[in-house]
Amino acid sequence: MIFRTATREDLPAILALLADDGDAGEPAVVTGAHERAFAAIEADARNEMLVLVEEAEVLGCLQLTYIPGLGQGGRERALVETVRIRPDRRGSGLGAELMRLAVERARERGCGLVQLTSNKRRTDAHRFYERLGFARSHEGFKLALRD
């Protein structure tokens with residue numbers, strides 16, 4: 001099992017994970033918008049798209065964004081997004097390992113905390129995050145800015 005930074009070649013597999021998990025409107029094919037977003041993540045030292053790979057197959061992914069701030073003693077916080085494990089491998093401990101590695105990466109960077117949001121409909125994911133020690137400490141709000 002390898003935990004590494006995603007490459008452009010991983011993009012179709014990452015999009016398939018997102019589409020397979022029912023992300024509204026998320027196509028499994030790579031579009032120009034995906035290419036631009038991936039290039040921006042790759043070019044930004046505060047963003048990482050990470051994958052868990054076994055025998056050249058992407059089994060899981062997540063994005064870490066490091067946010068500077070005045071809270072937490074001026075330390076960065078790590079925002080975890082887009083956590084996915086291939087459906088046929090869920091329940092095998094891969095998600096916990098992926099999150100453990102991400103938290104360790106944030107700790108090594110000196111972050112003061114790791115935070116994430118999860119869709120209210122994903123109750124299995126909520127139980128998963130709570131088992132890993134994440135607390136429901138805040139209520140989140142989002143405002144969609146679509147055309």
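When you check residue 39 against the structure, is it open to solvent by less than 70 Å² (accessible area, probe 1.4 Å), closer than 25 Å to residue 16 by Cβ and not in a strand (DSSP E or B), yes or no?
Yes, satisfied.
Say we look at the stretch 96-147 and pick out the residues that are basic (Lys, Arg) and under 20 Å from residue 59 (Cβ atoms); which of these is surrounded by the fewest Cβ atoms within 10 Å (Cβ to Cβ)?
Going through the qualifying residues, I end up with 131.
Among the residues of the stretch 62-85, which ones are in contact with a helix residue (DSSP H, G or I) (Cβ under 9 Å, 6 or more places away or on another chain) and at positive phi?
Once the filter is applied, which keeps residues that are in contact with a helix residue (DSSP H, G or I) (Cβ under 9 Å, 6 or more places away or on another chain) and at positive phi, the stretch 62-85 yields only 82.
Inside the stretch 110-135, can you point out the residues that are assigned to a loop (DSSP other than H, G, I, E, B), within 21 Å of residue 94 (Cα to Cα) and hydrophobic (A, V, I, L, M, F, W, C)?
Passing the criteria: 132, 134, 135.
The values are calculated or read from the model by the stated rules, or taken from the named source; none is laboratory data. All of these numbers come straight from a predicted model, not from anything done at the bench. As a convention, Cβ positions derive from the backbone with ideal geometry for all residues, glycine included, and neighbour counts pool all protein chains shown. These accessible areas exclude ligands, DNA and RNA; they are computed on the full protein's heavy atoms, side chains included. Shrake-Rupley method; radii C 1.70, N 1.55, O 1.52, S 1.80 Å.
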